Amino acid sequence: MSRRDEHILAAKAAFPHTIPILTGFLFLGIAYGILMNVSGFHPIYPILMSIVVFSGTAQFIAVNLLVGSFDPLGAFLLMLMTGARHIFYGISMLEKYKVFGLKKYYLIYTLCDETFSINCTIDAPAGVNKELFMTYVSFFDQLYWVVGTAIGALFGTLVEFNVEGLDFVMTALIAVLFLEQLLKEKNYLQSFIGVGCAVLCLVIFGAEGFLVPAMLMILAVLTFIHKKEESAGKTV
Amino acid sequence: MTTTQLLIMISLIVLGTAITRFLPFILFPAGRKTPEYVQYLGRVLPGAAIGMLLVYCLKAVNVLAFPYGLPELIALACVILLHLWQRQVLLSIAAGTIVYMLLLIFVF
C-alpha cells in the first residue's frame with residue numbers, strides 16, 4: 001500500500017467517528033466566533049485562538065481575560081487550572097500515543113475532551129494504520145472547530161439561528177463513549193469513581209470550581225485502591 | 001489592551017493550555033520505563049476521566065428548579081437504552097440530541 005492510500009484509508013476510517021463532533025464543534029465554534037465578534041475582536045483573533053489554543057473551555061474563559069485588563073500571569077494560571085484535566089488524558093494516552101515523529105507532538109497538542117474520548121475508546125479497524133487513524137481524528141476535530149469559529153466570526157452576526165439544545169450533541173457523545181468504556185472494561189469501578197467524585201465535588205464546590213478538587217479526589221481514591229490491592233498482593 | 005499586550009496574553013493562554021497537555025509526556029517519556037503506579041493510573045484513569053467529563057458536560061443543569069434536569073435525564077435515558085439495544089454510536093447520539101431539542105421546543 002502506498003503512503004497516499006494509507007492516508008486515505010485512515011481518513012475514511014476516522015471520519016465517521018468524528019461526525020458528532022462535526023455537529024458539536026461547528027455549532028460551538030460558531031457560538032465562540034460570534035461571542036468574540038460581539039466582544040469587539042477582529043475575526044482574525046478568534047480564528048487564531050481556535051488554531052493555537054484549540055480548547056473550547058479555555059477559549060470561552062479567555063474571552064473574559066482578553067476583554068479585561070492586561071494580566072498575563074493570571075491568564076496563565078487560570079489556563080493551567082482549567083486545562084488540568086488534560087493531565088488525566090495525557091496519562092491515559094501515554095501508551096497509545098507512543099508514536100514517533102511530528103505526529104506525536106500534533107496528537108498531544110490537539111488533545112481535547114472529545115478527541116481524547118474518541119481516541120481512548122475507539123480502536124482503528126483492522127488494516128488501518130493506528131497512528132494515522134488517531135491523527136485524522138485529531139485533525140478533523142480541529143478543522144471543524146476552526147471552520148466553525150471562522151463562520152461565526154465572519155458571518156455570525158448576519159444570520160439569526162435558533163438551534164437551542166444542539167450543544168447536547170457533546171453530552172450525548174460523552175455519554176455513549178462512557179457506556180462504551182463500561183462495556184469494554186467489564187470493570188465498572190473506576191468509571192463510577194469518576195462520576196461519583198465529580199458529582200460530590202460539584203455539589204460541594206459548585207459548577208465553576210469543582211473540576212480540580214474532583215480530580216484530586218479521583219486520584220486519592222484510585223491511589224487508595226491501588227495501595228490496598230498492592231498489599232493484598234494482586235494487580236489490576 | 002494594545003495589540004502587543006493582546007498577543008502576549010494569547011501566548012500565555014496557549015502556553016498554559018499546552019503545558020497541561022504535554023506535561024505527562026514530558027514527565028514520562030516513551031524511551032524510559034514508566035513507573036508502575038503511573039502505568040496503573042494509565043489503565044484506570046480513562047474510565048474515571050470520561051465519567052468525570054460526563055458530569056462536567058452536565059454541570060450547568062439545575063436539579064432544584066424547573067425543569068429539574070428532566071430534559072437531560074430523558075434524553076440521556078434515550079441515548080443509553082438505544083445504545084444498549086443497537087450499539088450504533090451515531091444513531092444513539094443523533095437520536096438523543098433530537099429528543100433533547102424537541103423536548104426543549106415542545107415540552108419544557
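The values are calculated or read from the model by the stated rules, or taken from the named source; none is laboratory data. Note that this is a predicted model, so its numbers are computed, not measured. Glycine gets a Cβ as well: all are built from the backbone with ideal geometry, and neighbour counts include every protein chain shown. Ligands, DNA and RNA are stripped out before the accessible areas are found, and what is left, the full protein with its side chains, is counted by its heavy atoms. Shrake-Rupley method; radii C 1.70, N 1.55, O 1.52, S 1.80 Å.
Below are the figures for this structure:
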| quantity | calculated |
| --- | --- |
| Odd one out for residue A:143, checked against (1) facing another protein chain (nearest Cβ under 7 Å); (2) assigned to a helix (DSSP H, G or I); (3) open to solvent by 30 Å² or more (accessible area, probe 1.4 Å) | (1) |
| Residue match in region B:2-16 (condition: at the interface with another protein chain (Cβ under 7 Å from one of its Cβ atoms), under 19 Å from the mean Cα position of the chain (by Cα) and either closer than 18 Å to residue A:111 by Cβ or buried (at least 19 other Cβ atoms within 10 Å of the Cβ) (or both)) | no |
| Sole residue being loosely packed, with under 13 Cβ neighbours inside 10 Å and under 23 Å from residue A:104 (Cα atoms), chosen from B:50, B:26 | B:26 |
| From A:146, A:199, A:176, residue being farther than 21 Å from residue A:8 by Cα and in the same structural domain as residue A:19 (by TED's automatic domain parsing) | A:146 |
| Condition met for residue A:64 (open to solvent by 30 Å² or more (accessible area, probe 1.4 Å) and in contact with a helix residue (DSSP H, G or I) (Cβ under 7 Å, 6 or more places away or on another chain)) | no |
| Residue list for region A:38-53, filter: open to solvent by 40 Å² or more (accessible area, probe 1.4 Å), over 17 Å from residue A:141 (Cβ atoms) and under 24 Å from the mean Cα position of the chain (by Cα) | A:44, A:48 |
| Out of B:60, B:30, B:94, B:77, sole residue that is at pLDDT below 90, part of a helix (DSSP H, G or I) and at negative phi | B:94 |
| Residue count, region A:136-181 (criterion: over 14 Å from the mean Cα position of the chain (by Cα) and of a type in the set (Ser, Thr, Tyr)) | 3 |
| Condition met for residue A:72 (without any contact (Cβ under 8 Å) to a residue 24 or more places away in the chain and either surrounded by 17 or more Cβ atoms within 10 Å (Cβ to Cβ) or not assigned by TED's automatic domain parsing to the domain that holds residue A:156 (or both)) | yes |
| Test: residue A:208 is of a type outside the set (Phe, Trp, Tyr), without any contact (Cβ under 8 Å) to a residue 12 or more places away in the chain and open to solvent by less than 90 Å² (accessible area, probe 1.4 Å) | no |
| Yes/no for residue B:84 being within 8 Å of chain A (Cβ to nearest Cβ) and surrounded by fewer than 18 Cβ atoms within 10 Å (Cβ to Cβ) | yes |
| Single match in A:202, A:219, A:183 (criterion: facing chain B (nearest Cβ under 9 Å), outside any loop (DSSP other than H, G, I, E, B) and under 24 Å from residue B:84 (Cα atoms)) | A:183 |
